[in-house]
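Some notes on the structure that comes next.
The values are calculated or read from the model by the stated rules, or taken from the named source; none is laboratory data. Here the structure is a predicted model, which means the values were calculated and not measured. Glycine also receives a Cβ, built like all others from the backbone with ideal geometry; neighbour counts cover every protein chain displayed.
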C-alpha cells in the first residue's frame, strides 16, 4: 500500500487544478488524466499523466503546464511521465467534469460501464442547450478528435458531444 504525504496531496491538488488545454472548462483532475504525483526527493517530483488517446497533441501542453505550476510552488525538479496503461476512458471524467461539460454546451460522454452492482444508468444523449434527446450526428469529428458534432432537432442548435471511449 502506497501512502501519500501531505505535501504529495498538496502537489496533486495543484497539478489536478491545471486546466485542460483543449477544454479549459475542465481541470486535469476532472478530466481524469492525472494519474499521480510522487515526491521522490525533497526537490524532485514525478507526475504521471495518461492522454485521452495515444498521440493526443495536448499531452505536451498538459505536461508543460503541470511542470510550471509545480515549479512555481517551489519544486525545482519535476518529471512528467506519460503512461498508456491502463488506458484512459471517458469513465475517468468526474461527475463535476461532466456537469461542467454540459454547462459549457458540450454533451458529456455517456457511461461505458457500470461502477458496481446493479445500477440504473441513463444512456440517452441529451442536447446540452434544451435537454432534448432528438439529436443528429453531423460529423464524427469536431474541433478535437475527442468530440463529435451533433445538432439538436428540437432547438436546432449544433453542439459538441464528448465521445465515449
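Here is how the numbers come out for the structure above:
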{"quantity": "Which numbered condition residue 117 fails, given (1) more than 20 Å from residue 56 (Cα to Cα); (2) touching a strand residue (DSSP E or B) at 6+ places or on another chain (Cβ under 8 Å); (3) at pLDDT below 95", "calculated": "(2)"}
{"quantity": "Test: residue in region 147-162 that is in a loop (DSSP other than H, G, I, E, B), surrounded by 14 or more Cβ atoms within 10 Å (Cβ to Cβ) and at pLDDT below 95", "calculated": "no"}
